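The values are calculated or read from the model by the stated rules, or taken from the named source; none is laboratory data. Note that the structure is predicted; figures quoted are calculated from it, not measured. Reconstructed Cβ throughout: ideal geometry from the backbone, glycine too, with neighbour counts over all protein chains shown. These accessible areas exclude ligands, DNA and RNA; they are computed on the full protein's heavy atoms, side chains included. Shrake-Rupley method; radii C 1.70, N 1.55, O 1.52, S 1.80 Å.
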Amino acid sequence: MTATIIKGKEVAAELRADLKEEVAQLKEQGVVPGLTVILVGDNPASHSYVKAKAKACEEIGVASEIIKRDVNITQEELLQEIQQLNESEAVHGILVQLPLPNHIDEKAVLNAISPKKDVDGFHPVSVGNMVIGDECYLPCTPHGIIELIKRSGEEISGKHAVVIGRSNIVGKPVAMLLLQENATVTIAHSRTKDLSAMIKQADILVSAVGRPRLVKAEDLKPGAIVIDVGNTMENGKLVGDIDYEPAKEVAGYITPVPGGVGPMTITMLLKNTVDAAKTINNLK
């Protein structure tokens, strides 16, 4: 039996349509949600990501500002820029596009963003609140993954979830969010022994390591929900961590690459920005 394809592009479109309506209602109350992105240097990938974020903002009516700064900007100058945005009433979400030049401490920069405007969900206060289950802006990709699983119609509670990868951006937070949904969670990584045996136990598998076709069809538990966060360019084609074609004959649900998790990341960023606008203006 072929797996049901979890089409992130379609789910993202549905969520953005809802957000567009929400933004229109906020504007009627005199509030225009605003996202400001700081882009340092000339990294082509960063420019592409930022352009996509600006386009998505325009699509749903969120005010978008891109602040471009020279690669030689000092850390102090960048921190001053962030402080001004923290104090601006027109800005509800602040995002500093990573990576930053080597002479700038990324941690110091992310920590400078007010948790009230931390729509990326990377500030230590945001992370701490996520861990203890308090209200915060959830990191966008993990939040999108949870939304995709829920939209499949399958229950998370009680299932064994295996997360491959332990990054601060995806692996750790998605494991925590799955735990909060009452899954039993195992985190696997480069030092895990007998990864194949671990994967075979997974009712829900999330792979986020960027190693093409790491997970084979024979590794999967029949009927598993398989979420592929990997995206690696190989011979001019974007491929994921899952050996997709054979795997979809074993899995119950599976995300494609591209078109699976990717479209959800910017969508959840938009959601966080709209939520921040409501919270800051006491409309929540």
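Anisotropy class assigned to the stretch 161-201 is oblate, per the alpha carbon gyration tensor with a/c at or over the 1.5 cut-off and a/b no larger than b/c.
Model label sites at residue 65 and residue 84, defined 7 Å from Cα along the beta-carbon direction, differ in position by 0.8 nm. For the stretch 226-240, 3J(HN,Hα) computed residue by residue from phi via the Karplus equation (6.51, -1.76, 1.60; θ = phi - 60°) reads 10, 10, 9, 9, x, 8, 10, 7, 9, 6, x, 10, 7, 10, x Hz, glycine and proline entered as x. For the chain, modelled as a GNM whose springs connect Cα atoms under 10 angstrom apart, the maximal fluctuation among 71, 185, 11 occurs at 71. Karplus-based coupling profile of the stretch 143-158, in residue order and whole Hz: 4, x, 4, 4, 4, 5, 5, 4, 5, 5, x, 8, 6, 8, 3, x, with θ = phi - 60° in 6.51 cos²θ - 1.76 cosθ + 1.60 and x standing for Gly or Pro. Taking every protein chain into account, the accessible area of the chain amounts to 48 square angstrom per residue (probe 1.4 Å).
Distant-in-sequence amide contacts of residue 250, defined by a placed amide H-H separation under 5 Å and a gap of 5 or more residues or a different chain, comprise 3.
Rounded to the nearest 500, the helix-only mean residue ellipticity at 222 nm of the chain stands at -12500 deg cm²/dmol, with each DSSP H run of n ≥ 4 adding -39,500 (n - 2.57). For the stretch 162-284, what does the alpha-carbon gyration tensor say about shape, rounded, prolate or oblate, given a ≥ b ≥ c as the root eigenvalues, a/c under 1.5 as rounded, and a/b over b/c as prolate? It comes out prolate by the Cα gyration axes.
Working note: Karplus 6.51/-1.76/1.60 with θ = phi - 60° gives the stretch 124-141 the couplings x, 5, 5, 5, x, 5, 4, 5, 8, x, 7, 5, 6, 8, 6, x, 5, 5 Hz, where Gly and Pro are set to x. In a reduced charge model with +1 at each Lys and Arg Cβ and -1 at each Asp and Glu Cβ, the chain shows a dipole moment near 520 debye about its Cα centre. Among rounded, prolate and oblate, which fits the stretch 1-114 when a ≥ b ≥ c are the square roots of the eigenvalues of its C-alpha gyration tensor, a/c under 1.5 means rounded, and a/b larger than b/c means prolate? Verdict is oblate for the stretch 1-114.
Share of carbon and sulfur in the accessible area of the chain stands at 49%, probe radius 1.4 Å.
Mind scanning 68/117; 172/216; 51/278; 55/116; 159/221; 27/68 and naming the pairs with a C-alpha gap bigger than 21 Å? Over 21 Å apart, Cα to Cα: 172/216; 51/278; 55/116; 27/68. Listed by chain and number, the aspartates and glutamates whose alpha-carbon sits under 12 Å from that of residue 200, ignoring those within fewer than 8 places in the same chain, are 218, 219.
Against the set [x] 17.4, 55; [y] 17.1, 51; [z] 19.2, 58, the structure's computed Rg and Dmax of the Cα atoms in Å falls on [z]. Rounded to the nearest 10 degrees, the angle from helix 171-180 to the longest Cα principal axis of the chain is 80 degrees. I'd like to know which of 63, 265, 235 lies farthest towards the positive end of the charge dipole of the chain, counting +1 on Cβ of Lys and Arg and -1 on Cβ of Asp and Glu. The listed residue farthest towards the positive side: 235.
Summary value for the stretch 114-228: 22 percent relative contact order, contacts being C-alpha pairs under 8 angstrom separated by 6+ residues. Select from 113, 141, 97 the residue farthest towards the positive end of the dipole of the stretch 89-177; place +1 on Cβ of Lys and Arg, -1 on Cβ of Asp and Glu, and compute about the Cα centre. Farthest along the dipole direction, towards plus: 141.
Proximity of backbone amide H atoms, modeled 1.01 Å from N, is registered between residue 188 and 163, 164, 165 at under 5 Å, excluding neighbours fewer than 5 places apart on the same chain. Counting Lys and Arg as +1 and Asp and Glu as -1 over every other residue whose Cβ lies under 10 Å from the Cβ of residue 166, the net charge comes to +2. Close amide H pairs (under 5 Å, H built 1.01 Å from N) link residue 69 with 39, 40, 41, residues at least 5 positions away or on another chain. The angle between the Cα long axis of helix 8-28 and the longest principal axis of the Cα atoms of the chain comes to about 30 degrees, rounded to the nearest 10.
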